[in-house]
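Encoded as structure tokens, the structure appears first; notes follow it.
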């Protein structure tokens, strides 16, 4: 199964490429913006493909079965970049997936993206969350088989393999490692109970696979 990872040069995207490449059932294709980023994808065991979310990237979908969208501005690059990548870029990625008949689209979003008013956000993060909310809704309306993963605050610590997961967590305070997020994104390709669902995740005490199956 060929998986296209959009945002493969990002911290979470690289973890996804690494995890896909280590599983015999997947062929990982990492979309990067420039040639100088290709070596890093190859070193992780993936096949780099050139594509720019703010430009043309439909060729990156050639021979692809499913997409993991892990790109994101993080809300720190300014409102124009945020809208261009997190909203317009995501929507274009969804449109191409529909056109190409992609079997599954996994979206990396953000916790409480459906109701950012519950969070204490500065102006830039409000724009980021609005972009995520709009992209998520666009995916839901696309007709694609989707999973939207909404993690809490991301950390760069080693993965724990323990999380809590639900369509809407009752307590949204907390963190989750990028490695654990990457594991959940990959698991979304395999767990049919996550099809056409939104799942919020945070680190906690429950084994990851158990939490996913209960979500």
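Some notes on this structure:
- Most simply put, region 2-214 has about 15% antiparallel DSSP beta bridges, counting only bridges with both residues inside it.
- Mean separation of Cα contacts under 8 Å (6+ apart) over length of the chain, as relative contact order %: 19 percent
- Proxy reagent accessibility, fewest Cβ within 10 Å first, across 105, 69, 57: 57, 105, 69
- Rounded Å value of the spacing that divides the Cα centres of region 178-194 and region 25-75: 18 Å
- Fully extended contour minus Cα-Cα distance, from residue 88 to residue 1, at 0.36 nm per residue: 28.6 nm
- Pair residue 142, residue 47: separation of 7 Å Cα→Cβ label points (nm): 2.1 nm
Throughout, read-outs are computed from the coordinates displayed, never taken from laboratory work. Since this is a predicted model, take the numbers as computed values, not measurements. Note that each Cβ is placed from the backbone with ideal geometry, even for glycine, and that neighbours are counted across all protein chains shown.
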